[in-house]
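First comes the structure, then the notes that go with it.
The values are calculated or read from the model by the stated rules, or taken from the named source; none is laboratory data. Remember, predicted model here, so these are calculated numbers, not experimental data. Note: ideal-geometry Cβ built from the backbone for every residue, glycine included; neighbour counts use all protein chains shown. Ligands, DNA and RNA are excluded from the accessible area calculation, which covers all protein heavy atoms including side chains. Shrake-Rupley method; radii C 1.70, N 1.55, O 1.52, S 1.80 Å.
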Amino acid sequence: MILIYGDSQSGNCLKVKYTADRLAIPYAWEEVDVMKGESRTPDFLEKNIQGQVPVVRLEDGSHLAQSNAIICYLARGSALLPDDPRARSRVDEWLFWEQNGHEFFVAGTIFQTVYLKKPFAEREAWRVARAEGALDLMERVLDARPFFAGGAMTVADIALLAYTRRAPLGGFDLSGRPATRAWITRCEGELGLDPLAQVQ
Ligand SMILES: N[C@@H](CCC(=O)N[C@@H](CS)C(=O)NCC(=O)O)C(=O)O
């Protein structure tokens, strides 16, 4: 059985949980408290030299880090990750954007409000502006199609869902983004997630 090292407040870690649950992959979960520095101990750095969660110990005893690498590995051969090279490239496009154009801004803001307990008024304006832009971009995409890579849910949606459904925790208002809210509901339905969790 695989072992997921994760922080259950972290969207990057929840991506891995959502994917494993969806694919009925058995796993054990070991909680790592990043705020206590548990991802930076010598023992943890042996598992992931990058000093971050999520990390997964695979069946062969090796470790794999980076949330999007992990979910692609878990989803190989399933409908969540198409085999066709062009279809796969559409999934990759959004996975890369999630890390470079969304996570740093949206998750970075949520980190400040949830982990550091900053009031919304003290969020970093530049980061919030970039996050709002990312959420606006998502709204435009989802106005035109039901899922990021086309007509069916893929790991690209799971990657983007993790922090977008928790965006209100960072002070982001999704009420004026109906296509995004409908997509969140669609993904939550596919993944069997409690809709209330998006604002917890
Ligand atoms: N790009 C990485 C980001 C991982 C990441 O930022 N992990 C955070 C928790 S969400 C962490 O472990 N922070 C603790 C640290 O950097 O010491 C991924 O997608 O897995």
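Converting phi to 3J(HN,Hα) with the Karplus coefficients 6.51, -1.76 and 1.60 and the offset θ = phi - 60°, segment 26-34 yields x, 8, 10, 10, 10, 6, 10, 8, 5 Hz in sequence order, with x at every glycine or proline. For segment 147-184 versus segment 63-139, the spacing of their alpha-carbon centroids is 10 Å. When its C-alpha radius of gyration is set against 2.2 N^0.38 Å (N residues), the chain gives a value of 1.00. Assuming a ≥ b ≥ c are the square roots of the Cα gyration tensor eigenvalues, decide whether segment 46-124 counts as rounded (a/c under 1.5), prolate (otherwise, with a/b larger than b/c) or oblate. Oblate, since a/c reaches 1.5 and b/c is not below a/b. Over all distinct Cα-Cα pairs of segment 138-188, the Kirkwood formula returns a hydrodynamic radius of 10.9 Å.
Of all DSSP beta bridges located in segment 1-157, what percent are antiparallel, nearest 5?
Details: 7 of 12 bridges.
DSSP beta bridges in segment 1-157 are roughly 60 percent antiparallel.
Rounded to the nearest whole Hz, the Karplus-based 3J(HN,Hα) values (6.51 cos²θ - 1.76 cosθ + 1.60, θ = phi - 60°) of segment 14-19 follow the sequence 5, 3, 5, 4, 4, 5, with x at glycine and proline.
Which whole-number percentage describes the relative contact order of the chain, with Cα contacts under 8 Å and a sequence gap of 6 or more? Walk me through the numbers on the way to the answer.
Details: 262 pairs, mean separation 40.2, N = 200.
Over the chain, the number comes to 20 percent.
With contributions of -39500 (n - 2.57) from each DSSP H run of at least four residues, the per-residue ellipticity at 222 nm computed over the chain stands at -14000 deg cm²/dmol. Within a straight-line Cα-Cα reach of under 20 Å, K17 can be paired with the following lysines, leaving aside sequence neighbours fewer than 8 residues apart in one chain: K47. Taking all protein chains into account, the per residue accessible area for the chain stands at 48 Å² (1.4 Å probe).
In loop segments of segment 98-146 as defined by DSSP, the trypsin sites (Lys or Arg not before Pro) with at most 12 further C-beta atoms inside 10 Å of their C-beta are K117. Of the solvent-accessible surface of the chain, computed with a 1.4 Å probe and all protein chains present, 54% belongs to carbon and sulfur.
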